[in-house]
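Below is one structure, written out as structure tokens, with a few remarks after it.
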Amino acid sequence: MRRSVFGALVIALALTAPCAQQAVAQDKTEVPPVVPGAKPVRVEHIKIHGAALEGNLEGDAVDRDVLVFLPPSYARNKRRRYPVVYALHGYSIGAEQWSHEIHVPQTIEGAFAQGAKEMIVVLPDSKTLHNGSMYSSSVTTGDFEKFIAHDVVAYIDAHYRTIPDRMSRGLAGHSMGGYGASRIGMKHPDVFGSLYIMSPCCLSPRVGANPANDKVVEAAKTPADSAGLSFFARAQLASAAAWSPDPKNPPLYLDLPTKDGVPQPDVLAKWAANAPLAFVDQYIDNLRQYHAIAIDVGDMDNLRIDTGKLHDVLDSYGIANGFEIYHGTHTSAVADRIQNHVMPFFSQNLCSVKNCR
């Protein structure tokens with residue numbers, strides 16, 4: 001569906017810190033009713049070593065928590081292999097907290113009970129010192145882009161009965177995870193075959209300043225200082241750690257977009273270079289390789305404007321993509337979306353047998 005016409009643009013997070021929309025909260029998520037007769041999935045809590053994260057200057061964990069949801073038939077059908085969906089959480093939360101927000105395994109079980117083909121669902125944790133990796137590549141945080149696209153995928157293929165083919169792998173994410181799905185998806189069509197981008201944050205370059213917020217962030221000099229900051233201020237540090245790392249600037253090893261209240265063009269240029277709406281044109285050929293792409297966002301979510309722009313860019317290049325603006329805020333409908341939209345989308349678009357194209 002085409003983007004609806006909206007009123008005046010609400011000042012978005014680019015003026016302060018990425019993903020601030022998620023500050024609206026991780027509570028108040030509407031839960032779809034339990035589907036009668038839904039069979040239980042098995043939940044495994046594992047750790048995956050991130051070779052791509054080794055030596056990160058923040059000292060963030062290299063062995064990361066990962067939740068794996070195995071479909072009802074997995075234990076009894078020992079020869080069957082399954083497609084896999086990798087689902088990325090948002091800023092300020094980890095995989096465990098996001099699992100409660102999207103109400104898994106209930107919503108996964110509900111999707112299967114309503115006819116979705118069985119698949120494995122993987123939730124990797126990418127929370128860092130400043131509460132979020134941005135799924136980017138940085139000497140400060142580690143290369144979370146490669147961690148997701150290589151380390152996690154390789155581990156899951158080696159330890160579970162997957163169909164180890166890009167056409168049987170889906171990538172999804174919400175908010176910061178939607179940014180991650182956009183960024184990683186554009187760069188790794190060799191790994192994933194279908195994308196579902198949910199309410200993505202941080203698509204546009206930062207376009208302004210927030211003097212009060214910038215002043216607070218500049219005053220933070222240590223990890224302990226970061227821990228005491230507000231959501232918006234800490235998100236700005238997370239963005240700097242991901243997009244403007246500085247190995248010669250301890251102890252936080254990052255450069256901020258302002259210094260003494262004055263914008264720093266070199267740093268802002270680095271941030272702009274990490275904005276998907278700024279670099280999407282470089283990856284059009286990659287995006288053409290996807291079997292299916294879906295994008296959604298709530299009608300009460302300020303991120304709807306940039307989300308619509310991403311849809312429009314794909315449309316302008318003739319890249320087929322589903323786009324829906326549904327009724328809801330940034331987080332209110334995310335559990336319903338997982339059960340009734342994301343899982344059916346991958347059921348329809350991921351290959352469930354070997355050697356299919």
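The values are calculated or read from the model by the stated rules, or taken from the named source; none is laboratory data. For clarity, every value in this text was computed on a predicted model and none was experimentally measured. Cβ: placed from backbone, ideal geometry, glycine included. Neighbour counts: every protein chain shown. Each accessible area value is taken on the protein alone, full model and side chains, heavy atoms only, with ligands, DNA and RNA left out. Shrake-Rupley method; radii C 1.70, N 1.55, O 1.52, S 1.80 Å.
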In the structure shown, do any of Lys28/Lys187; Lys47/Lys127; Lys47/Lys146; Lys39/Lys117; Lys117/Lys309; Lys221/Lys270 have a Cα-Cα gap over 23 Å, and if so which? Lys28/Lys187; Lys117/Lys309
How large is the charge dipole for segment 235-354, taken about the Cα centre, if only the Cβ atoms of Lys, Arg (+1) and Asp, Glu (-1) carry charge, to the nearest 20 debye? 340 debye
Which of the listed residues, Ile197, Gly132, Ala242, is farthest toward the dipole's positive end in the chain, when Lys, Arg count +1 and Asp, Glu count -1 at the beta-carbon? Ile197
If I histogram all Cα-Cα distances within segment 43-123 using bins 10 Å wide from 0, what percent of pairs lands in each bin? 16, 43, 28, 11, 2
Under the Kirkwood approximation applied to all pairs of distinct alpha-carbon atoms, what is the hydrodynamic radius of segment 212-290 in Å? 13.8 Å
May I ask you to give the percent of accessible area on the chain that is carbon plus sulfur, with a probe radius of 1.4 Å? 54 percent
Given +1 on the Cβ of Lys and Arg, -1 on the Cβ of Asp and Glu, and no further charges, what dipole in debye does the chain carry about its Cα centre, rounded to the nearest 20? 1140 debye
Cut-off of 10 Å, at most 15 other beta carbons, DSSP loop: longest stretch of the chain lacking such GluC sites (Glu not before Pro): 55-357
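If you take the C-alpha gyration tensor of the chain, multiply each eigenvalue by 5 and take the square root, what semi-axes do you get, largest first, in whole Å?
That gives 32, 22, 19 Å for the three semi-axes.
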Whole-angstrom gap from segment 214-242 to segment 89-140, using each part's C-alpha centre: 24 Å
Hey, if you put +1 on the Cβ of every Lys and Arg and -1 on every Asp and Glu Cβ in the chain, which of Ala335, Asn274, Ile305 ends up farthest toward the positive end of that dipole? Ala335
Scan segment 245-310 for trypsin sites (Lys or Arg not before Pro) in coil per DSSP, keeping those whose Cβ has at most 15 other Cβ atoms within 10 Å, and list them by number. Lys248, Arg288
Where Rh denotes the Kirkwood radius from the mean inverse Cα pair distance, what is Rg over Rh for segment 238-357? 1.08
At 222 nm, what value in deg cm²/dmol follows for the chain if DSSP H runs of at least 4 each add -39500 (n - 2.57) and the sum is divided by all its residues, to the nearest 500? -7500 deg cm²/dmol
Give me the dipole magnitude in Debye, nearest 20, for segment 170-288 about the Cα centre, with unit charges on the beta carbon: positive for Lys and Arg, negative for Asp and Glu. 120 debye
Which of Gly55, Ala154, Ala95 sits farthest toward the positive end of the charge dipole of the chain, with +1 on the Cβ of Lys and Arg and -1 on the Cβ of Asp and Glu? Ala154
